[in-house]
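The values are calculated or read from the model by the stated rules, or taken from the named source; none is laboratory data. If you're wondering where the values come from, they're calculated on a predicted model, not measured in any experiment. Every residue, glycine as well, gets a Cβ built from its backbone with ideal geometry; the counts of neighbours run over all protein chains shown.
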Amino acid sequence: MMTNLFSVFDPSTNILNFSINWISTIIGIMFIPYSFWMLPNRFHMFWFSILNKLHLEFKTLLGKNSFNGTTFIFISLFLFILFNNFLGLFPYIFTSTSHLTLTLSISLPLWLAFMFYGWINNTQHMFSHLIPQGTPNILMPFMVLIETISNIIRPGTLAVRLTANMIAGHLLMTLLGNTGSNIPNYLIFLLIFTQILLLILESAVTIIQSYVIAILSTLYSSEVN
């Protein structure tokens, strides 16, 4: 039972040892080209207004010392995760963001880039983050240890947060869906209504988690300047 349950997250479909399921990760690229040749419409205006709001918010979080164009990195991260989270809600489409293989591949290089840049260019500023202002002298060694550990586990927490949220909702929907053949007919409508509510909740989670990952990545990058 558990093997079959978790098999929905297993990228087992392959041709010549190449996992076909991971192709769903780049399906989002198919939604981009039409915006270059179609006339502007309400959908484009709505979409670009969202991107503009994200740009202004990320710009505020990064501060005045940030480089021009930095916000586009985090907007692209938000869009990439959002597309993959939403695609995972469709039947028979592999949810790539439910695997640490993808989420760690996103969070770890970002964190390493922030750390290398911060320690090479702003060494004193990075050391000052290890000891919060007003810390008693006797607690300084412990605070350095705690801050160091919390800094090291950041990419892991980013990856696990996204993966766990994607897996939890999909597992719950799978469990409820598998009970459909074992319940009386008069409860089928209740099951369908519950599944619809879970689908709406999962749609909200896809947006929230994309936003959370982008915001946390922006905050982490703002600490190195």
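Would you mind telling me which numbered condition in (1) modelled with pLDDT under 85; (2) within 25 Å of Ser98 (Cα to Cα); (3) surrounded by 14 or more Cβ atoms within 10 Å (Cβ to Cβ) Ile131 fails?
(2)
Can you spot a residue in the stretch 84-96 that is within 17 Å of Leu216 (Cα to Cα) and touching a helix residue (DSSP H, G or I) at 6+ places or on another chain (Cβ under 9 Å)? Can you show your working first?
Let us first name the residues in the stretch 84-96 that are within 17 Å of Leu216 (Cα to Cα), namely none.
Within the stretch 84-96, not a single residue is within 17 Å of Leu216 (Cα to Cα) and touching a helix residue (DSSP H, G or I) at 6+ places or on another chain (Cβ under 9 Å).
Would it be correct to say that Ser217 is of a type outside the set (A, V, I, L, M, F, W, C) and either surrounded by 12 or more Cβ atoms within 10 Å (Cβ to Cβ) or not in a helix (DSSP H, G or I) (or both)?
Against the criterion (of a type outside the set (A, V, I, L, M, F, W, C) and either surrounded by 12 or more Cβ atoms within 10 Å (Cβ to Cβ) or not in a helix (DSSP H, G or I) (or both)), Ser217 qualifies.
Can you name every residue in the stretch 208-225 that is modelled with pLDDT of 90 or more and over 19 Å from Ser105 (Cα atoms)?
Ile208
Assuming Phe58 fulfils every condition listed in (1) within 22 Å of Thr206 (Cα to Cα); (2) of a type in the set (A, V, I, L, M, F, W, C); (3) in contact (Cβ under 8 Å) with a residue 24 or more places away in the chain; (4) surrounded by fewer than 18 Cβ atoms within 10 Å (Cβ to Cβ) apart from one, which condition is it?
Tallying (1) within 22 Å of Thr206 (Cα to Cα); (2) of a type in the set (A, V, I, L, M, F, W, C); (3) in contact (Cβ under 8 Å) with a residue 24 or more places away in the chain; (4) surrounded by fewer than 18 Cβ atoms within 10 Å (Cβ to Cβ), Phe58 fails exactly one: (4).
Does Gly169 satisfy the condition of being farther than 23 Å from Phe90 by Cβ, in contact with an Asp or Glu (Cβ under 8 Å, 6 or more places away or on another chain) and touching a residue at least 12 places away in the same chain (Cβ under 8 Å)? Quick ask: steps written out before the conclusion?
Values: farther than 23 Å from Phe90 by Cβ: no; in contact with an Asp or Glu (Cβ under 8 Å, 6 or more places away or on another chain): yes; touching a residue at least 12 places away in the same chain (Cβ under 8 Å): yes.
No, not satisfied.
Let's see how each residue does on (1) of a type in the set (A, V, I, L, M, F, W, C); (2) without any contact (Cβ under 8 Å) to a residue 60 or more places away in the chain:
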site	(1), (2)
Leu62	yes, no
Phe67	yes, yes
Phe78	yes, no
Leu110	yes, no
Leu130	yes, yes
Ile153	yes, yes
Arg161	no, yes
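Of (1) within 29 Å of Asn84 (Cα to Cα); (2) exposed (fewer than 12 other Cβ atoms within 10 Å of the Cβ); (3) within 28 Å of the chain's Cα centre (by Cα), Leu198 satisfies all except one. Which?
Against the list (1) within 29 Å of Asn84 (Cα to Cα); (2) exposed (fewer than 12 other Cβ atoms within 10 Å of the Cβ); (3) within 28 Å of the chain's Cα centre (by Cα), Leu198 comes up short only on (2).
Looking at the stretch 201-214, which of the residues that are closer than 19 Å to Thr60 by Cα and of a type in the set (Val, Ile, Thr) is surrounded by the most Cβ atoms within 10 Å (Cβ to Cβ)? Let's see the steps before the verdict.
Of the residues in the stretch 201-214, the ones closer than 19 Å to Thr60 by Cα are 210-214.
Right, trim to of a type in the set (Val, Ile, Thr) and you get 212-213.
On the way: Val212: 17, Ile213: 25.
Going through the qualifying residues, I end up with Ile213.
Exactly one condition in (1) part of a loop (DSSP other than H, G, I, E, B); (2) under 18 Å from Ile208 (Cα atoms) is false for Asn65; which is it?
For Asn65, the failing item is (2).
If you scan the stretch 76-96, which residues turn out to be under 14 Å from Leu171 (Cα atoms), touching a Phe, Trp or Tyr at 6+ places or on another chain (Cβ under 9 Å) and either part of a helix (DSSP H, G or I) or not aromatic (Phe, Trp, Tyr) (or both)?
Gly88, Thr95
Considering Ile153, Ile188, Ile138, Ile183, which residue is at pLDDT 85 or above and hydrophobic (A, V, I, L, M, F, W, C)? Full working, then the answer.
On the way: Ile188 fails: at pLDDT 85 or above; Ile138 fails: at pLDDT 85 or above; Ile183 fails: at pLDDT 85 or above.
Of Ile153, Ile188, Ile138, Ile183, the one residue that is at pLDDT 85 or above and hydrophobic (A, V, I, L, M, F, W, C) is Ile153.
Going through Leu82, Leu100, Leu112 one at a time, which residue ends up being closer than 16 Å to Ile167 by Cβ and not hydroxyl-bearing (Ser, Thr, Tyr)?
Residue meeting the stated conditions: Leu100.
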